[in-house]
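In what follows, a single structure is set out as structure tokens and then discussed.
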Amino acid sequence: MKVKLKKNQAPLNITISDDKVFDIIMGKDIPGISHDKIKLIISKGIRTHAPKDIRHKKIAIIIPDDTRLWARGDIFVPQIVKTLFELGISKENIKIIIALGTHDDMGKDQFSLLAGTFCSQRIQILNSANKNQARLIYLGETYKKTQLYITKEAVEADHIIIFGGILHHMAAGFGGGRKYILPGIAGYDSIQQNHSLAMKKDGAPHPMVRQAKLWGNPINEDLNDAADLFLKNKTCTYVVLAANGMGDIFHADVGPLHNTFMNGCKKLDQACCIRISQKGDFALISAGGHRTDRQLYQSTKALFNAINIVKEGGKILFVAGCSQGVRHDTFSSLLKKFKDDPKKIGKELVLNFNMPSYVAFRVIDVLNRFDVTLVSDFSKLTTEELGFKYTNNIDNYTKSLKGKGYIIPFAENILPVLDNS
């Protein structure tokens, strides 16, 4: 059979014998919905859930950075702003804040990519504060003792609108919702305190910190506390999107933060959490193309999803363009330095936690348990320095595969799980 795995903006054509493939995992057959319909859902939802005195409110719209381009903020954030204008809110009372977490600031030339030209020409757009102490306000402690510092402009707002998608997340269980507050618009130290809950005191990963796990996951519990602390004297509306196994948006909803988030998680699981009867000897996967594979750091979400259905020691062909490189210097340096011994990073993370190191810790663990070949824009030297295997001949690679395996064309969107029942 012939299959296509996206790399950057072009498909990578792969030929593999039919008798080697258990299944091509695409998710449930749930069709996407049109952009026009999503716009109507957003407009109606913003109106329905607006506080009665919204005309006199200061409004902060929190949006994702360029690691979530699939949510099409360039199309849908303008719809939020246009609806607010129709409700009589002046542009002076609206700010758009990019939820960076610990990511680098977005340049002004990228604002239209995130929020559309309509917004970039009319509305003040700001990066969240991250390490800028002058723009952080202390709000108190969560139950798990995270010292919560939040971007000043968001704290000063009366009404919060969060725009962004839901995905399965390796640490928080699900990305989206409350995560746009912490880590999204929180200070660097607050983020590290929250994320450090991913580790046990002995340097081992916390067993409840994983994809699709909310209850009992200490990171998620802390995120919920932080969101409630931030929103204590505010109103909030969440505009949520979710993508199906093909990467098409199939779910759009607007409403109160926690309820809307939980409903979105259920919808995502129904569409993209796929039960598999047996593990394969290999998997051929793609991070999904240019809206999700622009750098290695974010593309690893696809890898963490796929390992659930590959036997220990099995092979994984991991297609991710990485046109912007690795993204994090810390992540890159640790992959190179500790590629044969992730336990050293684990012990260090207990003393001095940071998320890029944690992701490196998890990736190195995968590379030590599976045979992972990365197909990207990196050279052979760079690929191997990062701990991955390299190939420039896909046909030879597929011909050499033993046993039977799976193909996951949009592995960032799909969470396959072994059905033990």
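The values are calculated or read from the model by the stated rules, or taken from the named source; none is laboratory data. In this text, all values refer to a predicted model and were calculated from it rather than measured experimentally. All Cβ positions, glycine included, derive from the backbone under ideal geometry; neighbour counts span all protein chains shown. Note: areas computed on protein heavy atoms with side chains; ligands, DNA, RNA excluded. Shrake-Rupley method; radii C 1.70, N 1.55, O 1.52, S 1.80 Å.
Summary of values
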read-out	value
With Cα atoms, 0 to 90° folded angle of helix 257-272 axis to the chain main axis	20 degrees
Listed residue (HIS159, TYR143, ALA99) projecting farthest to the positive dipole end of segment 96-160, Cβ model	TYR143
Hydrodynamic radius by Kirkwood, which averages 1/r over all alpha carbon pairs of segment 237-336, in angstrom	15.6 Å
Whole-percent pair-distance distribution, where bins are 5 Å wide, for the alpha carbons of segment 176-231	4, 21, 30, 25, 15, 5, 1
Among 201-212, 40-51, the order from most to least packed when residues are scored by Cβ within 10 Å on average	40-51, 201-212
Cα gyration tensor, segment 95-143 - rounded (a/c under 1.5), prolate or oblate	prolate
Where labels lie 7 Å past Cα in the beta-carbon direction, separation of ASP419 and ASP23 in nm	0.6 nm
ILE62 long-range amide H proximity, modeled H, under 5 Å	ILE97, ILE161, ILE162, PHE163
Of all accessible heavy-atom area on segment 259-364, the percent that carbon and sulfur account for (1.4 Å)	44 percent
Candidates GLY164, GLY101, GLY313: whichever shows maximal mean-square fluctuation once the chain is modelled as a Gaussian network with Cα springs under 10 Å	GLY313
Gain in span if fully extended, LYS108 to THR391, counting 0.36 nm per residue against the direct Cα distance	98.1 nm
Degrees separating the helix 296-306 axis from the principal Cα axis of the chain, which is the longest one	60 degrees
Test item: Cα-centred dipole of the chain, Lys/Arg +1 and Asp/Glu -1 on Cβ, debye	260 debye
Cα gyration tensor category, rounded, prolate or oblate, for segment 299-421 with a/c compared to 1.5	oblate
Average projection area in nm² (convex hull over Cα atoms of segment 46-144, one quarter of hull surface)	8.0 nm²
Equivalent ellipsoid semi-axes, segment 220-269, via Cα gyration tensor eigenvalues times 5, rooted, Å	24, 12, 7
Where the Cα pairs of the chain fall when distances are cut into 10 Å bins, in %	5, 22, 32, 26, 12, 3, 0
Straight-distance crosslink candidates among aspartates and glutamates, where the alpha carbon sits under 18 Å from LYS145 and sequence neighbours closer than 8 are dropped	ASP189, GLU221, ASP222, ASP225, ASP228
Inter-label distance for ASN132 and GLN278, nm, one decimal - labels placed 7 Å from Cα along Cα-to-Cβ	5.7 nm
12 Å beta-carbon shell around VAL417, net charge (K/R +1, D/E -1)	+2
Computed helical MRE - 222 nm, the chain, DSSP H runs ≥ 4 contributing -39500 (n - 2.57), nearest 500	-9500 deg cm²/dmol
Alpha carbon centroid spacing (whole Å) that separates segment 233-306 from segment 310-344	21 Å
Calculated FRET efficiency for the pair ASP158/GLN121, C-beta based, R₀ 30 Å, to 0.05	0.75
Sequence of THR83, THR117 when ordered by accessible area, the most exposed leading, probe 1.4 angstrom	THR117, THR83
Global geometry of segment 117-178, whether rounded, prolate or oblate, following the gyration tensor of its Cα atoms and the 1.5 cut on a/c	oblate
Residue-normalised accessible area of the chain, given per residue in Å² at a 1.4 Å probe	42 Å²
Rounded tilt (10° steps) of 218-230 against the dominant C-alpha axis of the chain	20 degrees
Cα-centred dipole magnitude for segment 146-201, charges only on beta-carbon of K, R (+1) and D, E (-1), debye, nearest 20	380 debye
Accessible surface of segment 72-160, 1.4 Å probe, proportion on carbon and sulfur as whole %	43 percent
Segment 1-41: Rg to Rh, with Rh as the Kirkwood radius over Cα pairs	1.17
